[in-house]
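The values are calculated or read from the model by the stated rules, or taken from the named source; none is laboratory data. Since this is a predicted model, take the numbers as computed values, not measurements. Here the Cβ is made from the backbone with ideal geometry for all residues, glycine too, and neighbour counts use every protein chain on show. These accessible areas exclude ligands, DNA and RNA; they are computed on the full protein's heavy atoms, side chains included. Shrake-Rupley method; radii C 1.70, N 1.55, O 1.52, S 1.80 Å.
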Amino acid sequence: MSDLSRNGFLKLVRGGFLWLSAALGLGGLLRFLNYDPNPAPQSEFDLGPATNFPLGTRTGIADGQFVLIHDELGLRAINTTCTHLGCQTAPGPDGFTCPCHGSHFDLRGDVLQGPAAKALNVPSVELNDGGHLILHD
Amino acid sequence: MYGGRFARSLVSDFSAMLPTKNKKQMRPSFFHHLHPPTTPAAQARWRYTLGAGGTAFFLMLIIGVTGILEMFYYIPNSQEAALSVQMITYHVPFGGLIRNLHYWAAQLLLIVTAVHLVRVVFTAAYSRLRRFNYLLGLALFILIILLDFTGYILRWDEGVCWPLITGTNLLKTIPLMGNYLYSIAVGGGEACSSALIRFYTWHIFGLVLPVVVLSIWHAFRVRRDGGIAVPPPDLRTDHSRISRDELVRREVLAILMIGILLILLASFIPAPIAPAMMGKPGLRVEARAPWFFLWVQQMLKWGDPFIFGVAIPLGLFAVLAFIPYIFPQPAESDIGRWLPASNRPAQIVVSVLALIILALTGLSLLPA
Ligand code: FES
């Protein structure tokens, strides 16, 4: 430390300040760009009276983002968003097919064929006091 | 009588720019002055340079001008964007032509930049002091790909929603900083409803600004590094030089040819357009990436998005970036010759990469 000359010290301080202000500026810029101006996406959907969905029906909900299936296995909702990279899968007679990279899912949402590695999300559906089905994503 | 003198001097100033027989005695115009008085003939041969770098500059100019014209009508909000594109295409006089020129110049730029890169590797032009400029060029190439992608998204019609979602979700798969990158690029929310304003700003400002700066730097470095790559003077076999006039003449010829090609393409093959995106597209809409990303889409069919969609494509550019640093330097007398033996490894690597990309693209076009 003792041989740190006056000039060397000033140089160090100057360099330090320059780097510090660059880092602060960059950090501020990143925080500025990182703000999400959009409202949080809807996570609760009122599907109406449960009697609207008798056994054997399949109903698309919210532009097809979910499908409500009522069959021998029971009543359940499936989120049709592909778990690979987020395209919307198309429901078919025995499952869901993704238009982007060809993943297949069965009617429970489980993967039949990749590239998707995870099953389709299954949001919970419950009956409220008024007899309406409520979907929680 | 001041007016008459003014008009006469104006006429003589302009006529000084026109080609005349005894140009030699006149002072060169601004455009001529951008060129050195004479240039080694070897640096200006079509069959060496393919004119790719210069063509890229010309195309950027066209893209810039037509892009600014489009901005007079384009509305960057998700409700009106696609409609304003339709207005430009079908209602504004010459709007369709302007948009087609912008589109075709952008596609050609991508191709020409790739050709330029391959040319530079195949003629060992990246070696020694030029390897920094090689990196600048590579950065430009990546920026141009991003510009093409953001421009494609700005159509905001139903064809672009899935590529937009998959492309931006790829960012999320990056460990640690994925979500952060996503929100910086897209602004959070659902890509197909909220990304437009960000893509607009990236396209028009955030990416164009670095492209302009890097292009000027790239051209400056070419000049600073002694012009287009040729062997050092003592190893040259060809000592002939061409004049500034001859160089300008060749450039004008190239500009004319590219200009004619562009106008033909723009007049006869319209840029893609589809109905406006209204929420997420219907399920019948085919999900196909833009042509320059078909190879990535093909790889994504094989599995893990991060490996096939991020790591491998980025790794490929990393390999390109390392070429001048890891392979033995080509012999100095080989600089500027096609396919010299002394940089065979680099040629092989680039050919293999190019073939893989072409093969994947072909594969993705096969019916499933
Ligand atoms: S997004 Fe569905 S398979 Fe890739």
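Things to note:
- Under Karplus coefficients 6.51, -1.76 and 1.60, residue-wise ³J(HN,Hα) of segment A:42-48 in Hz, glycine/proline x: 4, 10, 10, 10, 8, 8, x
- Each of B:LEU256 and B:SER29 was given a label point 7 Å from its Cα along the Cα-to-Cβ line. The distance between the two points is 1.4 nm.
- Total formal charge among the other residues, if their Cβ is under 14 angstrom from that of B:LEU136, Lys/Arg +1 and Asp/Glu -1: +4
- Principal semi-axes of the equivalent ellipsoid, √(5λ) from the alpha carbon gyration tensor of segment B:25-150, are 35, 20, 12 Å from largest down.
- Segment B:202-349 - percent relative contact order, Cα under 8 Å, separation 6 or more: 28 percent
- Near B:PRO290, once Lys and Arg are set to +1 and Asp and Glu to -1 for all other residues with Cβ below 12 Å from its Cβ, the sum equals +1.
- Computed on segment B:78-185, with alpha-carbon pairs under 8 angstrom and 6+ residues apart, the relative contact order is 24 percent.
- Dimensionless Rg ratio for chain A, taking C-alpha atoms and the 2.2 N^0.38 Å reference: 1.87
- Summarising the amide proton neighbourhood of B:ARG241: residues at separation of 5 or more, or on other chains, whose placed amide H is nearer than 5 Å comprise B:ALA41.
- Divided by 2.2 N^0.38 Å, where N counts the residues, the Cα radius of gyration of the protein assembly as shown comes to 1.22.
- Interface area, B with A, accessible, probe 1.4 Å, both sides summed, Å² nearest 100: 1900 Å²
- Distant alpha-carbon pairs in segment B:114-173 (separation over 18 angstrom), percent: 52 percent
- Relative contact order computed over chain B (Cα-Cα under 8 Å; 6+ residues apart), in percent: 27 percent
- Applied to segment B:301-313, the Karplus parametrisation 6.51 cos²θ - 1.76 cosθ + 1.60 on θ = phi - 60° returns per-residue 3J(HN,Hα) values of 5, 8, x, 3, x, 5, 5, 7, x, 10, 5, 5, x Hz, with x for Gly and Pro.
- Legend: residues in segment A:30-66 shielded by at least 50 square angstrom of accessible surface upon adding the remaining protein chains to the isolated chain (1.4 Å probe, heavy atoms) are A:LEU33, A:ASN34, A:ASN38.
- FRET efficiency for the pair A:LEU33 and B:GLN86, taken as 1/(1 + (r/R0)^6) with r the Cβ-Cβ distance and R0 = 41 Å, rounds to 0.85.
- For peptide B:160-166, the mean count of partner chain Cβ atoms within 10 Å of a residue's Cβ comes to 4.
- Computed label-point distance, nm, for sites A:ALA62 and B:ARG224 using a 7 Å Cα→Cβ extension: 5.4 nm
- Between the listed residues B:LEU196, B:LEU355, B:LEU170, the Cα displaced farthest toward the positive end of the dipole of the protein assembly as shown, a dipole computed from Cβ unit charges relative to the Cα centre, is found at B:LEU355.
- Of all accessible heavy-atom area on chain A, the percent that carbon and sulfur account for (1.4 Å): 59 percent
- Karplus-based coupling profile of segment B:53-68, in residue order and whole Hz: x, x, 4, 4, 4, 4, 4, 4, 4, 4, 4, x, 5, 5, x, 4, with θ = phi - 60° in 6.51 cos²θ - 1.76 cosθ + 1.60 and x standing for Gly or Pro.
- Every Cα-Cα pair in segment B:36-283 was counted, and those over 32 Å apart are 32% of them.
- Averaged over the residues of B:153-159, the number of partner chain Cβ atoms lying within 10 Å of the residue Cβ comes to 0.
- Accessible area in square angstrom per residue, the protein assembly as shown, 1.4 angstrom probe: 56 Å²
- Dipole check for segment B:163-234: with +1 at the C-beta of Lys and Arg, -1 at the C-beta of Asp and Glu, and the Cα centre as origin, the magnitude is about 100 Debye.
- Peptides B:216-226, B:115-125 ordered by packing proxy, namely the average of other Cβ atoms within 10 Å per residue, highest first: B:115-125, B:216-226.
- Counted charge near A:ARG76, where neighbours are those whose Cβ lies closer than 15 Å (Asp, Glu -1; Lys, Arg +1): -4
- Among B:GLY53, B:GLY206, B:GLY159: highest mean-square fluctuation, GNM of chain B, C-alpha pairs under 10 Å: B:GLY206
- Using a simple spin-label model with pseudo-atoms 7 Å out from Cα toward Cβ, B:VAL352 and B:GLU246 lie 4.2 nm apart.
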